[in-house]
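Heads up: the structure comes next, in structure tokens.
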Amino acid sequence: MSLLALGLNHKTAPLEVRERVVFAPERLPTALQELSQVRGVSEATIVSTCNRTEIYCDAAHGANGEIASWLGAFHAMPASDVDPYLFSLADQEAVRHLLRVSSGLDSLVLGEPQILGQIKSAYEIARSNGTIGAQLHRLFQYAFSVAKQVRTDTEIGANPVSVAFSAVSLAKQIFGELDQTTALLIGAGETIELSLRHLQAQGLGAAIVANRTLTRAQALATSDNASAVTLAALPDVLGQADLIISSTASQLPILGKGAVERALKERKHRPMLLVDIAVPRDIEPQVSELDDIFLYTVDDLQTVIEENLASRREAATLAEEIIDGQVDRFMIWLRSLDSVGRIREYRQQAEALRVDVQSRALVMARQGKTTEEIVEFVGKTLLNKLLHTPTRRMRQAGEDGEQDLLRAAQELFGLPDDD
């Protein structure tokens, strides 16, 4: 059997291919059961996200062709639409790939932490459906442990590398805990949605979503501490906002110096943080001239992001070294499984011999043989039977010139060097 990783991801396949092979959550149990029935597959897990669909198996050597055919058939795709984008890795390289993926080193955004949770979820689904055995259980638990070590021992995830996350991190630097903070989010696009999600994950006190279309704002403001307004209502809510994140497609500024100045007076000059992510800008540059205002543009954040990416790349070098060492450790354990089986077989063979000789010795005792006779019989019989096969095989190796086998026997039995 062999550990196998097979699939496609953002490095090997374009979006239009990746989206066709995504496994919907409700179809995963069926897929896992089908996959486990593919010839040569004994254990299987499927990791399926927007950026990757990857299958991890304990399978017979050469089973990757069967698995690739199943993957295409399950999604009703001809092989010509799937095969050019597939990668296939076995044993050591499969282990290395899973460890890198789990640690965020293979992600579209270097070091992002979400992938580890997705892999844990994939493992749990496979386990609950009975397609995880001893090999994959050990592999995935090992991957979770290594990912934790990488997070602990490196700075791979210490600094934000997305505009939305950078904006939220900036807010935490200025306000500390956000449970008493009110955020005004202007717009309803992906960046605003991500910003709101990050803010709420940090315990945001209250959120106001403002958008040209009220229904779209309401679609985002679904939590108990969030409300929705139109852009026309901005003057009414501006003074409530400690933090403003704006990202619209407007060609003209939405917030001017006068509106912000009036809001400051209403707030009795409590500080405001404004993050303008829009291009063109949503907030007039002159707003930065006001006291108690902290205004950041997308360029300011981009500088932070680039610095943080550079920091992550440095951390990734150390992370790769950690993974190299951990791959070697796992492969040593995997190879040891072969010896465990051989040792068990050898001990069973020796135990059968012991039982046979012991029963014969008891017969001798009932026949009235002396203790000396029985002891001599047991010693000679055990010695001859234990040495018979190894000595015969070494003699044959000598006649056939099998020096490697003779050297292995010398090491195995602790024999002295010839010289």
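Out of the residues in the stretch 85-109 that are touching a residue at least 60 places away in the same chain (Cβ under 8 Å) and assigned to a loop (DSSP other than H, G, I, E, B), which is surrounded by the fewest Cβ atoms within 10 Å (Cβ to Cβ)?
Leu108
Which of the following residues is in contact with a Leu (Cβ under 8 Å, 6 or more places away or on another chain) and either surrounded by fewer than 17 Cβ atoms within 10 Å (Cβ to Cβ) or among the acidic types (Asp, Glu) (or both): Glu34, Glu26, Glu19, Glu54?
Glu54 is the lone residue from the list that is in contact with a Leu (Cβ under 8 Å, 6 or more places away or on another chain) and either surrounded by fewer than 17 Cβ atoms within 10 Å (Cβ to Cβ) or among the acidic types (Asp, Glu) (or both).
Here are some conditions: (1) in a helix (DSSP H, G or I); (2) free of Cβ contacts under 8 Å to residues at least 60 places away in the same chain. Glu112 meets all but one. Which one does it not meet?
(1)
Is the stretch 226-239 home to any residue that is assigned to a loop (DSSP other than H, G, I, E, B) and of a type in the set (A, V, I, L, M)?
no
Within the group Ile208, Ile132, which residue is surrounded by 15 or more Cβ atoms within 10 Å (Cβ to Cβ), of a type in the set (A, V, I, L, M) and either in a loop (DSSP other than H, G, I, E, B) or in contact (Cβ under 8 Å) with a residue 60 or more places away in the chain (or both)?
One residue alone meets the criteria, Ile132.
Let's see how each residue does on (1) assigned to a helix (DSSP H, G or I); (2) free of Cβ contacts under 8 Å to residues at least 40 places away in the same chain; (3) in contact with a strand residue (DSSP E or B) (Cβ under 8 Å, 6 or more places away or on another chain):
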{"site": "Cys50", "(1), (2), (3)": "no, yes, no"}
{"site": "Asp83", "(1), (2), (3)": "yes, yes, no"}
{"site": "Gly117", "(1), (2), (3)": "yes, yes, no"}
{"site": "Lys120", "(1), (2), (3)": "yes, yes, no"}
{"site": "Phe144", "(1), (2), (3)": "yes, no, no"}
{"site": "Lys148", "(1), (2), (3)": "yes, yes, no"}
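Please go through the stretch 145-167 and pick out each residue that is touching a helix residue (DSSP H, G or I) at 6+ places or on another chain (Cβ under 7 Å), surrounded by 16 or more Cβ atoms within 10 Å (Cβ to Cβ) and not polar (S, T, N, Q).
Of everything in the stretch 145-167, those that are touching a helix residue (DSSP H, G or I) at 6+ places or on another chain (Cβ under 7 Å), surrounded by 16 or more Cβ atoms within 10 Å (Cβ to Cβ) and not polar (S, T, N, Q) turn out to be Val146, Ala147, Val150, Glu155, Ile156, Gly157, Pro160, Val161, Val163, Ala164, Phe165, Ala167.
Hey, can you tell me all the residues within the stretch 55-81 that are more than 23 Å from the chain's Cα centre (by Cα) and either of a type in the set (Asp, Glu) or assigned to a helix (DSSP H, G or I) (or both)?
Gly65, Glu66, Ser69, Trp70, Gly72, Ala73, Phe74, Ala79, Ser80, Asp81
Among the candidates Leu234, Leu252, Leu264, Leu220, which residue alone is more than 41 Å from the chain's Cα centre (by Cα), surrounded by 16 or more Cβ atoms within 10 Å (Cβ to Cβ) and within 24 Å of Val163 (Cα to Cα)?
Of the residues listed, the single one that is more than 41 Å from the chain's Cα centre (by Cα), surrounded by 16 or more Cβ atoms within 10 Å (Cβ to Cβ) and within 24 Å of Val163 (Cα to Cα) is Leu234.
Answer yes or no as to whether Ala408 is of a type in the set (Gly, Ala, Ser) and surrounded by 12 or more Cβ atoms within 10 Å (Cβ to Cβ).
yes
Scan the stretch 323-341 and give yes if some residue there is surrounded by 11 or more Cβ atoms within 10 Å (Cβ to Cβ) and in contact with a His (Cβ under 9 Å, 6 or more places away or on another chain), otherwise no.
The answer is no; no qualifying residue exists.
FYI, it's all coordinate maths here, none of it is from the lab. Predicted model, so just to flag it, every value in this text is computed and none were measured. Note that we place each Cβ from the backbone using ideal geometry, even for glycine, and neighbour counts take in every protein chain shown.
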